[in-house]
1. With a Förster radius of 30 Å, plug the Cβ-Cβ distance of E91 and I29 into 1/(1 + (r/R0)^6) and report the FRET value to the nearest 0.05.
2. Is it possible to state the helix-based mean residue ellipticity at 222 nm for the chain, with each DSSP H run of 4+ residues giving -39500 (n - 2.57), the sum divided by total residues, to the nearest 500 deg cm²/dmol? What is it?
3. Picking from L99, F159, G169, whose Cα lies most toward the positive end of the charge dipole for the chain (charges on Cβ: Lys, Arg +1; Asp, Glu -1)?
4. Taking the chain as a Gaussian network, Cα atoms linked when under 10 Å apart, which of P178, P14, P58 shows the biggest mean-square fluctuation?
5. What nm value, rounded to one decimal, do you get for the distance between V119 and E43 when each label is placed 7 Å out toward the C-beta?
6. Between N4 and D148, what is the label-point separation in nm under the 7 Å Cα-to-beta-carbon projection?
7. Just to be sure I understand the curve: with the Debye formula and one point per C-alpha of the chain, what is log10 I(q)/I(0) at q = 0.08, 0.17, 0.19 Å⁻¹?
8. Report the chymotrypsin sites (Phe, Trp or Tyr not before Pro) located in the range 21-122 that are in a DSSP loop and have at most 14 other Cβ atoms inside 10 Å of their Cβ, or state none.
Amino acid sequence: MLENYNVILASKSPRRKHLLSELGINFKIVSKDVAEIHPENLEILKVPEYLAKLKAEPFFNEVDDKTLVITSDTIVTIDNEILGKPRDHEEAVEMLNKLSGRTHTVATGVFLYNKNREVGFTATTDVTFKKLTNDEIEYYIKNFNPYDKAGGYGIQEWFGYVAVEKINGSYFNVMGLPVHKLYEELCKF
């Protein structure tokens, strides 16, 4: 797949790297620092695709028709609020308590850019957590790294095993890349 393209994954996420490699695509990682700022009046579920496109913009003048850039951004939202990556222990505890015993939405925006074509889309998944104890939250924060994950958790880690009661949508979307939808779009290139 995509043998005629130089594929660039513009992401530092080890989870996205793993998921894209599982599709059997040869790619290299080239990421550029971009201020992830979105308009405040932007509808919440449009934010991930907006940010994914923003991450692709530094490549717009650098790629040719044989290069394909893939960017992505994932948010966790509950109560019409975006939960980003927690800055510290206190914020991680606050986020996980907010998600405890409730359903939240994970939205991942993906943007594909080539000199001749661009495609953006967003996939959403609803995730329901059981009611968490303070000990479970503290154990997770102490033993895993919630600080590089939207919403402060990784579904593929211990927390996903013990906290998730139900999921409606793509599991891989919650990890940070909706590979089923990405594959469909890549087949069109």
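Here, each number is a calculation from the coordinates, and none is a lab measurement. This one's a predicted model, so the numbers in the text were calculated from it and none came from an experiment. All Cβ positions, glycine included, derive from the backbone under ideal geometry; neighbour counts span all protein chains shown.
1. Step by step, r from the Cβ atoms, then E = 0.60.
2. -9000 deg cm²/dmol
3. The Cα lying farthest towards the positive end belongs to G169.
4. Maximum among the listed residues: P14.
5. 2.1
6. 3.6
7. Each listed q maps to, in turn, -0.26, -1.07, -1.28.
8. F60
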